[in-house]
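The values are calculated or read from the model by the stated rules, or taken from the named source; none is laboratory data. Small disclaimer: the values here were computed from a predicted structure and weren't measured. Every residue, glycine among them, receives a Cβ derived from its backbone with ideal geometry; neighbour counts consider all protein chains shown. What goes into the accessible areas is simple: the full protein's heavy atoms, side chains included, and nothing from ligands, DNA or RNA. Shrake-Rupley method; radii C 1.70, N 1.55, O 1.52, S 1.80 Å.
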Amino acid sequence: MRILYVEDEQLLADAVTHLLKKADINVDWVADGEEGLRLAKKPIYDAIVLDIMLPKMSGLEILEIIRKQGIKTPVIMLSALSEVEDKVKGLEIGADDYLAKPFKTKELIARLQALTRRPALCDTKTLQFADLTLDLENRTVNGLPLTEKEASILEMLMKAGDKTVQKDYILAHVWGADMVAEDNYVEVYMSYLRKKLKETGSKVEIKTVRGLGYKLMIK
Ligand code: CA
């Protein structure tokens, strides 16, 4: 798991970051709102832990902007106990959870784990295509671990069978519709996935259908 942690109180941030890392959670910590917003737009985080009172831009502003852009990364807001209005506002504009300061890092870890656990989209916990088995619960393909986004993309391709999945569809579902024009995330993730499929020794490969999208093919 990789999280973005936006917090301007350095001592608190140092302590929390240290404990999260011990729990095998990768943390990118930034101390101001603008930097937080810049990173929050990147499709690399499993969750964002967002303080409300920040220099340059508040946590609420960051949350509002990323949600308007269709970014669905789970967000846990942090704020002092007294700021009840902020809590309500945060949840209204799309925070997934809220933690009052001071909090125990253990509690934060539990909330992060709950938020990033993959929701059960359907009853089947595994998908099969030729010699590939995607385990959605443990997020592995033929036993090889995948990132959340890699697993989402592979899930779409496997569900489509031998049909092409449009690139825009993948972008919209994995990153949110508004990022379509500006980035080549899909290509980048396809190359990660191709490497992983190769690593499993599978006969299945991902074929690029020019101008359209991607599909699975048996070599
Ligand atoms: Ca603060």
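Leaving ligands, DNA and RNA out of it, report the carbon-plus-sulfur percent of the accessible area of the chain at a 1.4 Å probe. Roughly 52 percent of what the probe reaches on the chain is carbon or sulfur. Seen from a random direction on average, the alpha-carbon convex hull of the range 129-179 projects onto 3.6 square nanometres.
Close amide H contacts of Val75 (hydrogens built in the peptide plane, cut-off under 5 Å, sequence separation of 5 or more or a different chain): Ile48, Asp96, Asp97. Available extension along the chain between Val209 and Asn26 is 62.4 nm, counting 0.36 nm per residue and deducting the alpha carbon span. Solvent-accessible surface of protein heavy atoms, probed at 1.4 angstrom with all chains present, puts Trp29, Trp175 in the order Trp29, Trp175, largest first. The residues of the chain present an accessible area of 53 Å² per residue when probed at 1.4 Å with all protein chains retained. Across all directions, the average flat footprint of the convex hull enclosing the Cα atoms of the range 126-218 is 5.3 nm².
In the chain, one over the average inverse separation of all distinct C-alpha pairs is 18.7 Å, which is the Kirkwood hydrodynamic radius. Once all protein chains are placed together, Leu144 keeps about 40 Å² accessible to a 1.4 angstrom probe.
Of all DSSP beta bridges confined to the chain, the antiparallel ones make up roughly 45%. From its DSSP helices (H runs of at least four residues, each -39,500 (n - 2.57)), the chain gives a residue-normalised ellipticity at 222 nm of -12500 deg cm²/dmol. Magnitude of the charge dipole for the range 2-117, about its Cα centre and with charges confined to Cβ atoms of Lys, Arg (+1) and Asp, Glu (-1), is about 500 debye.
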